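The values are calculated or read from the model by the stated rules, or taken from the named source; none is laboratory data. Computed from a predicted structure; not experimentally measured. Here the Cβ positions follow ideal geometry from the backbone for every residue, glycine too, while neighbour counts run over all protein chains shown. Remember, those area values only see protein heavy atoms, side chains included, never the ligands or the DNA or RNA. Shrake-Rupley method; radii C 1.70, N 1.55, O 1.52, S 1.80 Å.
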Amino acid sequence: MINAGSSSLKYSLFAETHDKRLERRTDGGIEGIGSDKPFFIAFDDDKYQIDEYHWDKATSLDELLAFLIEWIEKFLAPDHLSAVGHRMLHGGTLYDEPILVTPEVLENLRKLIPLAPLHQPRILTVIDTLAARYPGLCQIVCFDTSFHKTNPYIAKLYGLPQSLTDKGLLRFGFHGLSFEYVSMELKHIDMHAAMGRTIIAHLGSGASMCAMIGGKSVASTMGFSALDGLVMGTRCGQLDPGVILYLLQHEGMNAKELETLLYQESGLLGVSGISNDVRDLMKSDAPSAKTALELFVYRVVRETGSLAAACGGLDSFVFTAGIGERSPEIRAAVCEQLDWLGLELDERANQLGELKISKDTSPVSIWILPTYEELMIARHGARLSAECEAHQP
Ligand code: ADP
């Protein structure tokens, strides 16, 4: 699968085993796209680094992509590639399922560019390049919005005029591939937790939370764009729309400047003035670093109350992604402020990063489940590649 982010181009190569499981063979990618020092790094199936390459000047996406494809060709003959899965941020109102790329789908995906202008064009460039190089290659797109298609209509609605709602100005929600993977894992581990009222907190550099009943999403903290909800590494999270009006009318900002402010200069970075990385803020003695972390936790706690209301109570709470999986301090601070809701943390299990970190007496079970969006995409790819073969002449 290929994950074309705003500054990175990551790949993971999976192979199907005899018993139809998918095993990772290699992964890695190019980071720092757009900077003057992009670099490539690759790992084997044991996560050992097997290759790296550094550029000493800014390099175009086309050139970097050609490099990546050639590297993958060296690793695996291209005719062995049965399908390539792509992660796509936004399916809009057009797509709520992973789908095979056809000329008609491509045409529609281009129409969705305004919904995610930073991400969507890159992914389309990658799809076009692969299609030109390997005509007939099965390509699949998986949408981060799909998992939330089960949200009730009321949960999707903004208080805007119907004419704008009809144009697709709705709450969509994101990180769907992560939520889908984690909810499937939870089913293997504890069916009771998975089939009850569950909140998954995906706390990475992008962060959002999803409320589920019986494994189906009923509400999420992100909305029309990936800006809403929690305070993130560099994104602001929930914001009074009046702030935007003020910045437009009284601070002389234009749309592009607002986009940079809200996506890249806000969040933990903006509040602390130090870093977007929780690890740096933990190490810092600066009061602004402490404030940024307190705000991060406060927003998780506030949103938990809101999501618990959306599912009428809570049976289990799952931490995932970089911060959720690796920061016992943030998990402890969140759980401490949610004891009123029935989250009783087992401090030792939390420090050790165990799978289940709630006390046996806790009314709400608490879990740490590593996310694996790449595997989720590969699974969709493997499933749909059979359909693709059926379409081949
Ligand atoms: P992405 O959204 O880029 O996939 P990740 O899920 O990998 O992000 O999360 C990245 C973030 O996780 C980092 O910015 C950092 O804040 C946080 N993080 C990673 N490791 C740790 C750690 N050991 N302790 C606290 N935070 C961590």
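Annotations for the structure displayed:
- Applying the set (1) open to solvent by less than 60 Å² (accessible area, probe 1.4 Å); (2) within 13 Å of the ligand (Cβ to nearest atom) to L247 leaves exactly one unmet item: (2).
- Any strands (runs of 3 or more DSSP E) falling wholly within segment 177-230 and containing at least 3 residues that are of a type in the set (A, V, I, L, M): 197-203, 207-213
- The residue that is surrounded by the most Cβ atoms within 10 Å (Cβ to Cβ), among those in segment 325-336 that are more than 8 Å from the ligand (Cβ to nearest atom) and in contact (Cβ under 8 Å) with a residue 12 or more places away in the chain, is R331.
- Scan of segment 343-353 for residues that are more than 16 Å from the ligand (Cβ to nearest atom) and either under 20 Å from G204 (Cα atoms) or open to solvent by 10 Å² or more (accessible area, probe 1.4 Å) (or both), ordered by number: E344, L345, D346, E347, R348
- Number of residues in segment 205-217 that are within 16 Å of the ligand (Cβ to nearest atom) and buried (at least 19 other Cβ atoms within 10 Å of the Cβ): the value is 5.
- Whichever residue in segment 169-182 is touching a Lys or Arg at 6+ places or on another chain (Cβ under 9 Å) and surrounded by fewer than 22 Cβ atoms within 10 Å (Cβ to Cβ) and, among such residues, is farthest from A155 (Cα to Cα): L170
- Residues in segment 285-324 that are among the aromatic types (F, W, Y) and either in contact (Cβ under 8 Å) with a residue 40 or more places away in the chain or under 21 Å from S183 (Cβ atoms) (or both): F296, F317, F319.
- Of all residues in segment 56-96 being touching a residue at least 40 places away in the same chain (Cβ under 8 Å) and of a type in the set (D, E), the one that is least open to solvent (accessible area, probe 1.4 Å): D96
For every residue, the table says whether it meets (1) of a type in the set (G, A, S); (2) more than 22 Å from L112 (Cα to Cα); (3) more than 13 Å from the ligand (Cβ to nearest atom).
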{"position": "H148", "(1), (2), (3)": "no, no, yes"}
{"position": "Y153", "(1), (2), (3)": "no, no, yes"}
{"position": "L157", "(1), (2), (3)": "no, no, yes"}
{"position": "G176", "(1), (2), (3)": "yes, no, yes"}
{"position": "I199", "(1), (2), (3)": "no, yes, yes"}
{"position": "A219", "(1), (2), (3)": "yes, yes, yes"}
{"position": "F224", "(1), (2), (3)": "no, no, yes"}
{"position": "V231", "(1), (2), (3)": "no, yes, no"}
{"position": "T234", "(1), (2), (3)": "no, yes, no"}
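- Applying the criterion of being crowded, with 22+ Cβ neighbours inside 10 Å and hydroxyl-bearing (S, T, Y) to the residues of segment 295-324, the residue that is farthest from the ligand (Cβ to nearest atom) is S316.
- Selection of segment 250-270 for residues being open to solvent by 30 Å² or more (accessible area, probe 1.4 Å) and within 16 Å of the ligand (Cβ to nearest atom) yields Y263, Q264, E265, L269, G270.
- Unique match (being open to solvent by less than 10 Å² (accessible area, probe 1.4 Å) and not basic (K, R)) among I189, I199, I154: I199
- Residues satisfying the stated conditions in segment 271-292, i.e. surrounded by 14 or more Cβ atoms within 10 Å (Cβ to Cβ), within 12 Å of the ligand (Cβ to nearest atom), in a helix (DSSP H, G or I) and not aliphatic (A, V, I, L, M): S272, D280
- Among residues that are touching an Asp or Glu at 6+ places or on another chain (Cβ under 8 Å), of a type outside the set (K, R) and in contact (Cβ under 8 Å) with a residue 24 or more places away in the chain, H202 is not included.
- All helices (runs of 4 or more DSSP H) inside segment 293-386 with 1 or more residues being within 26 Å of F147 (Cβ to Cβ): 321-326, 328-336
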